[in-house]
Amino acid sequence: MPQAKVFSFASTDDVSHALDKFLEDASRESIARSGKFTIAFSGGSLPATASKYLQHNTKIDFTRWHVFFADERCVKHNDADSNFKLVKDELLDKLASDGKIPANQVHSISESLVNDSEKAASDYQQKIAQVFAVIGDDNSQSTVLPEFDCILLGIGPDGHTCSLFPGFPQLDEKVKWVTHIDNSPKPPPSRITLTLPVVNNARKVAFVVTGAGKRTTIRDIVDKRDLSLPAARVAMSVDPVYWFVDDAAAQDLDVVKPSEFKL
Ligand SMILES: O=C(O)[C@H](O)[C@@H](O)[C@H](O)[C@H](O)COP(=O)(O)O
């Protein structure tokens, strides 16, 4: 199983620049192959870091993009805690008008279900199934896992990713594509999240991590492969897991230097 491929850069700005190139290439390849690009965003600092150059990219056909959320808080879309709001503010609303992603290709949590995280999770799973066209003839859900073209992940200091936290049962979910949590150690407490089988079935996964606060966590994930940490359980069957990090976060790692940056 291919290992991690870590690209470390002097600044967050350089991380954003490299990620823009990575997503441009991934988008072009997916659109050529399938006519669309399916991408899932995490919340936290990731959308701002991912968007800085991406929002100005004129080589990407964003009208072919389908945007999902690797995890989402069970709050209304205009709530400050909403990852949908975060990605909308940081990226979607900043795209040039002729490159806007059609609203029906941005797949957010159903607002009517934010008070029932379990229903919100199964509803979101149906939304994913509709786009990945894995609904069976009898409208049953196929067991074929959706294959996202790209999933962008962050990590918490505790090694969580999406809303999969160390020692929590959601980490061991093997059947559901989307599950729920109501006691998240990271507020707010109620969330939905992609499960590991879906994350690990993606064509590409990229962690985006900056800041010295994550240096020991990244070392424990990438070098020590401490499987008690959810992010360490993200592993691809074909591509390596990509890490786009700044030097502050990667100072304890043996990393690929920018001069060698190529995909
Ligand atoms: O909705 C969320 O809270 C995120 O998806 C979460 O998994 C995030 O990616 C990490 O907590 C890192 O957050 P920072 O990048 O802000 O440290």
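The values are calculated or read from the model by the stated rules, or taken from the named source; none is laboratory data. Since this is a predicted model, take the numbers as computed values, not measurements. Glycine also receives a Cβ, built like all others from the backbone with ideal geometry; neighbour counts cover every protein chain displayed. Areas reflect the complete protein model, heavy atoms only, side chains present, ligands, DNA and RNA absent. Shrake-Rupley method; radii C 1.70, N 1.55, O 1.52, S 1.80 Å.
Averaging 1/r across all pairs of distinct Cα atoms in the chain and inverting the result yields a Kirkwood radius of 18.4 Å.
Farthest towards the positive end of the charge dipole of segment 5-260, among the residues 245, 192, 55, is the Cα of 55, using unit charges on the Cβ of Lys, Arg, Asp and Glu. Farthest towards the positive end of the charge dipole of the chain, among the residues 156, 221, 4, is the Cα of 4, using unit charges on the Cβ of Lys, Arg, Asp and Glu. Look at the Cα gyration tensor of segment 144-235: its axes a ≥ b ≥ c give a/c of at least 1.5 with a/b at or below b/c, and that counts as oblate. For the chain, the Cβ-based charge dipole about the Cα centre amounts to some 280 debye (Lys, Arg positive; Asp, Glu negative; other atoms uncharged).
With 25 Å as the limit, the listed pairs 94/119; 59/88; 127/176; 59/186 have 94/119; 59/186 beyond it between alpha carbons. For residue 78 and residue 176, the difference between the fully extended length at 0.36 nm per residue and the C-alpha to C-alpha distance is 32.5 nm. Ligands, DNA and RNA left out, the accessible area of segment 5-260 computed with a 1.4 Å probe is 49% carbon and sulfur. Compared with the direct C-alpha span, the chain from residue 147 to residue 59 gains 29.3 nm at full extension, assuming 0.36 nm per residue.
Residue 122 contributes an accessible area of around 70 Å² to the protein surface, as traced by a 1.4 Å probe with all chains present. Averaging the sequence gap over all C-alpha pairs within less than 8 Å and six or more residues apart, then dividing by the number of residues, gives segment 1-78 a relative contact order of 36 percent.
A cut-off under 15 angstrom between Cβ atoms defines the neighbours of residue 120, and their net charge, with Lys, Arg +1 and Asp, Glu -1, is -3.
The local environment of residue 32, defined by Cβ-Cβ distances under 14 Å, has a net charge of +1 under the rule Lys, Arg +1 and Asp, Glu -1. Residues in the chain average 43 Å² of solvent-accessible surface per residue, probe 1.4 Å, ligands and nucleic acids excluded. Once C-alpha pairs closer than 8 Å and six or more residues apart are averaged by separation and normalised to the residue number of segment 5-260, the relative contact order reads 24 percent.
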